[in-house]
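The values are calculated or read from the model by the stated rules, or taken from the named source; none is laboratory data. Note that this is a predicted model, so its numbers are computed, not measured. Note that each Cβ is placed from the backbone with ideal geometry, even for glycine, and that neighbours are counted across all protein chains shown. The protein model used for the area step is the full one, side chains on, heavy atoms only, and it has no ligands, DNA or RNA in it. Shrake-Rupley method; radii C 1.70, N 1.55, O 1.52, S 1.80 Å.
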Amino acid sequence: MKIAFVGKGGSGKTTLSSLFIRHLAASGAPVVAIDADINQHLGAALGLEEAEAAALPAMGERLPLIKDHLRGSNPRIASVEAMIKTTPPGEGSRLLRVSENNPVYDACARPVELDGGAVRLMVTGPFTEADLGVACYHSKTGAVELCLNHLVDGQSEYVVVDMTAGSDSFASGLFTRFDITFLVAEPTRKGVSVYRQYKEYARDFGVALKVVGNKVQGQDDIDFLRAEVGDDLLVTVGHSDWVRAMEKGRPPRFELLEEANRRSLHTLRVAADATYELRDWARYTHQMVHFHLKNASSWGNAKTGADLAAQVDPGFVLGEDLVATA
């Protein structure tokens with residue numbers, strides 16, 4: 001299952017995504033965690049020391065390797081240079097699976113030991129001084145989009161992505177790559193403003209969107225969120241001494257997380273798992289192609305000097321059946 005955490009800056013989305021990742025790992029589920037936020041904090045939230053987090057390999061810096069692996073023997077892709085962030089897979093492309101070993105994971109993923117299990121952590125990499133004035137962060141998150149375009153994940157497998165703040169993910173098709181999106185909102189007008197924007201943008205793409213109320217202190221906060229977001233409010237999370245200790249670099253054992261917050265994490269997993277039966281791989285592939293053609297005509301053709309529409313394999317539909325026959 002592919003799961004995104006979004007929200008305005010400071011809403012607590014990185015903290016909640018890290019708690020959800022710990023919750024999944026404690027159950028023994030296979031998890032790939034991806035930090036796609038311009039502010040790279042997921043590693044620290046998962047317990048890495050500052051130096052360890054800074055040493056994680058950046059996906060954005062390994063994009064040629066990622067493209068080379070995913071391209072495989074696809075005859076529609078003339079070269080690695082002709083691949084862009086939205087290039088869809090086709091016959092001959094290499095697909096990624098959550099639990100396998102492959103050159104992309106070898107280069108970009110590192111194991112992080114958590115209570116009860118371990119996860120693979122991947123990071124886009126920070127916005128560096130060399131990028132200032134000459135690059136946008138979407139060139140880095142493009143590595144995430146390309147990987148998700150080629151990912152075949154199954155039931156009870158999880159890819160959890162801590163996304164860029166606000167509605168920045170709408171600058172590409174990345175927002176459509178998930179089975180469910182959890183929008184973290186504080187019980188304030190600013191807190192729900194991103195929800196309204198996200199809801200409006202995602203309306204035409206069938207994005208499954210649920211709100212997680214964070215920093216909730218009482219019934220009045222819950223009533224406010226319910227009035228603002230209606231039935232999209234899935235669950236709320238309140239104060240956590242466990243989180244305070246974690247943010248100080250001294251996390252207790254995860255089993256000591258407050259019971260109310262453990263129940264909230266369980267609710268998130270139930271909601272994510274329920275989307276499995278709603279999967280529509282044909283629509284997923286169609287949306288992938290839709291954004292590829294938009295990017296091709298907007299800038300991709302000019303940049304590569306090729307007609308990138310020719311990369312689309314009209315008979316190809318991504319799906320779990322390809323794993324069974326691969």
* Structure fact -> segment 14-89 and segment 229-268 have their Cα centres apart by a whole-number Å value of 24 Å
* Tell me, what % of the accessible area of the chain is carbon and sulfur with a 1.4 angstrom probe? -> 50 percent
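Which value, in debye to the nearest 20, gives the size of the charge dipole of the chain about its Cα centre, when Lys and Arg are +1 and Asp and Glu are -1 at the Cβ?
Its charge dipole is roughly 360 debye.
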* Can you list the lysines whose alpha carbon sits under 22 Å from that of K210, skipping same-chain ones fewer than 8 residues off? -> K2, K8, K13, K190, K199
* Asked: What are the semi-axes of the equivalent ellipsoid of segment 1-134, taken as the square roots of 5 times the eigenvalues of the Cα gyration tensor, listed largest first and rounded to whole Å?
  -> 27, 19, 14
* How large is the helix-only mean residue ellipticity at 222 nm for the chain, computed as the sum of -39500 (n - 2.57) over DSSP H runs with n ≥ 4, divided by its residue count, in deg cm²/dmol to the nearest 500? -> -11000 deg cm²/dmol
* To do: At 10 °C and 1.306 mPa s, grab the translational diffusion coefficient of segment 227-287 from Stokes-Einstein with a Kirkwood Rh over Cα pairs, rounded to a whole number in µm² per second.
  => 110 µm²/s
* In whole Å, what three semi-axes, largest first, describe the equivalent ellipsoid of segment 179-326 built from its Cα gyration tensor (square root of 5 times each eigenvalue)? -> 38, 20, 17
* Structure fact -> Scan of the chain for trypsin sites (Lys or Arg not before Pro) in DSSP loops with at most 11 other beta-carbon atoms within 10 Å gives a longest site-free stretch of 1-247
* As computed over segment 264-326, the Cα convex hull volume per residue (Å³) -> 144 Å³
* Asked: Taking Cα atoms, how many degrees apart are the long axis of helix 219-229 and the longest axis of the chain, rounded to 10 and kept between 0 and 90?
  -> 30 degrees
* In Å², what does the accessible area per residue of segment 176-280 work out to with a 1.4 Å probe? -> 54 Å²
